[in-house]
Amino acid sequence: MVAFSVAAAQTPKGTPAAPPPSQYLNNQNGHSSQILQTHEISPSLQKGLPADKQLTKRSKGLPTPQDVLNQRQILEPGATCPSINWFASKPVKLMPYLDGAFLFGNTCVEPNALIKEDPLSTGAQKLKTALSDYGLTYLLQYGFNFSDVSGSTLPGTKRSMTSHNGILLANWDIFRNKKTGSGLFLAVEVDFGDGFGYNEDEQSIQNSIGSLTSPFGGYKGPKGHLGDLSLAYTCCDGKLLIMGGMIDTTNYLDHNTYANTNNNNLVNSAFVNNIALPLTYASLGGLVAWQPNNNFYMMLSSASNYSPVNHNPFKYLHISDWSTVLEVGFVVDDVCGLGQGVYRFQPFFVTTDGQNGGGIAMNFQQALGKNTNLGWFMRAGWADNTAAKVNGVQASATTGIAWLSPFCGKGAANSGYLGLGLIWAKAPDSGANVNKNEYGVELTYVYQLTPTMTIQPDIQIIKDPINGKKNETNVVFQIQNVWTF
């Protein structure tokens, strides 16, 4: 959502025109933008954020709509020559796909929730608005998860688990050129949480059934730690971004609007990212992103492997353990009359224990109609024996369909979600593996209860877990609620 100005009504000749009224704009998960109707606007939004100061939430995996980009006001009133704005309230300029991948808005209140207003949503929005005035924008998610396994579990493991987990992703604009929109910002990620009555670093549903994939994709425990601390500079009219530092490359690469995060999406880790890709976390490295036009972009990340959290990353900076991933993306406005599609190809090169290897991956998303939020997604990847050592995955493939904002004709919330996905995964050939191939299916539904809180029941079936039991089928039921600020 973003502030959107409509044309003022005509006034009699000689009478000064009244300023156009400001209205809230809903980006509908990035697929289009539309002015929110009065009955859709939450009182928490009205009390926490004036419409003329609003910047929409970005949607990862899709180009940011043009009317949202138009609100950036690159040339501010009175800025007749280049000048620096420190800790600017306006975001830096980036091309549409890069804008969605790297930036956040200043809005956390969603429209059309069951409960239209609550003090927590109002307070969270007021805080988010105040911080954005000083260039700090962020996405904070925190929630609780209950998981239970039906079927046999491995000895010494838990069948039922309850945990709390959170993630903070933030950008702090250090400076911005008022005329060109180029600038420098600091990117930060903090992860925190743990299990209730158990150490989340030692026990998980994945360990209980011996699966290659994680049915609870949000596992980040057991204590708070930095996943990303890097500087990014944008230039060349928003076409180029250069980033360096301690980087979580999953924040920027391998996005997919239909399956991208364990919060309010399909939960299994295989749907969050391609598990065959050597995407690094909390590791020193660099990233370059380039988008010369609206229909093509490239990103290149290169970082060290095996950096443990809460440790000095310089101690684990070895050229003999390094991963480089190239992502080439094509944004097609209309594919055979179905609507927009984004098609990504991801070759990668890995050095581990001094040996070189590599592989190839792909990530597709396609709308299934111009007037619907129904879409199809697919990820697939293969790694040679050397590259497979990084994640312990030789090959993987996921596909499925997702309905964003289900029942949107009745005024659904943006965080609403209905998804069905299929999984296949294969570990490197090893005598220690019980099963050669692992299969899974997941069905999930997300309902917006308050303007900032969702509830999500989820069911997964995991067949032949790689390190589980022979010919075993496990059913995993989960329910989680997530606050998004």
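Derivation of every value follows stated rules applied to the coordinates shown; laboratory data play no part. Everything quoted here is computed from the prediction, not taken from an experiment. So basically every Cβ, Gly included, is an ideal-geometry build from the backbone, and we count neighbours across all protein chains shown.
The angle between the Cα long axis of helix 119-132 and the main principal axis of the chain comes to about 70°, on a 0 to 90 degree scale. The string of couplings for segment 186-203 from the Karplus curve (6.51, -1.76, 1.60, θ = phi - 60°) is 9, 9, 9, 10, 10, 10, 7, x, 5, x, 8, x, 7, 8, 5, 7, 10, 10 Hz, one whole number per residue in order, with x for Gly and Pro. Over the residues of the chain, the helix contribution to mean residue ellipticity at 222 nm works out to -2000 deg cm²/dmol, using -39500 (n - 2.57) for each DSSP H run of at least 4.
Across segment 296-311, coupling constants 3J(HN,Hα) worked out from phi with the 6.51/-1.76/1.60 Karplus curve, θ = phi - 60°, read 8, 8, 9, 9, 10, 10, 8, 7, 6, 9, 6, 8, x, 6, 6, 10 Hz, and Gly and Pro carry x. When Lys and Arg each count +1 and Asp and Glu each count -1, what net charge do the other residues less than 12 Å away from ALA397, Cβ to Cβ, add up to? Neighbourhood net charge equals +1.
Label zone (HIS318, point 7 Å along Cα-to-C-beta; backbone nitrogen cut-off 18 Å) within segment 383-406: 386-392. Using r as the Cβ-Cβ distance of THR162 and ILE242, and R0 as 35 Å, what FRET efficiency do you calculate, to the nearest 0.05? Result of the calculation: an efficiency of 0.25. Other residues with beta-carbon under 12 Å from the beta-carbon of PRO292 carry, at +1 per Lys or Arg and -1 per Asp or Glu, a net charge of 0.
Projecting the Cα positions of HIS255, TYR233, TYR306 onto the charge dipole of segment 228-361 (unit charges on Cβ atoms of Lys, Arg, Asp and Glu, taken about the Cα centre) puts TYR306 furthest along the positive direction.
Once the Cα-Cα distance is subtracted from the 0.36 nm per residue extended length, the PHE296 to TYR445 segment shows a gain of 50.4 nm.
Spin-label model, SER152 to ILE360: label points 7 Å out along the Cα-to-beta-carbon direction sit 4.1 nm apart. Site pair LEU368 and PHE175 shows an inter-label distance of 5.0 nm when each label is modelled 7 Å from Cα along Cα→Cβ.
Taken about its Cα centre, the chain carries a charge dipole of roughly 740 debye when the Cβ of each Lys and Arg holds +1 and the Cβ of each Asp and Glu holds -1.
DSSP finds beta bridges in the chain, and of those with both partners inside it, around 100 percent are antiparallel.
Seen from ASN433, the other residues with C-beta closer than 13 Å to its C-beta sum to a net charge of +1, counting Lys and Arg as +1 and Asp and Glu as -1.
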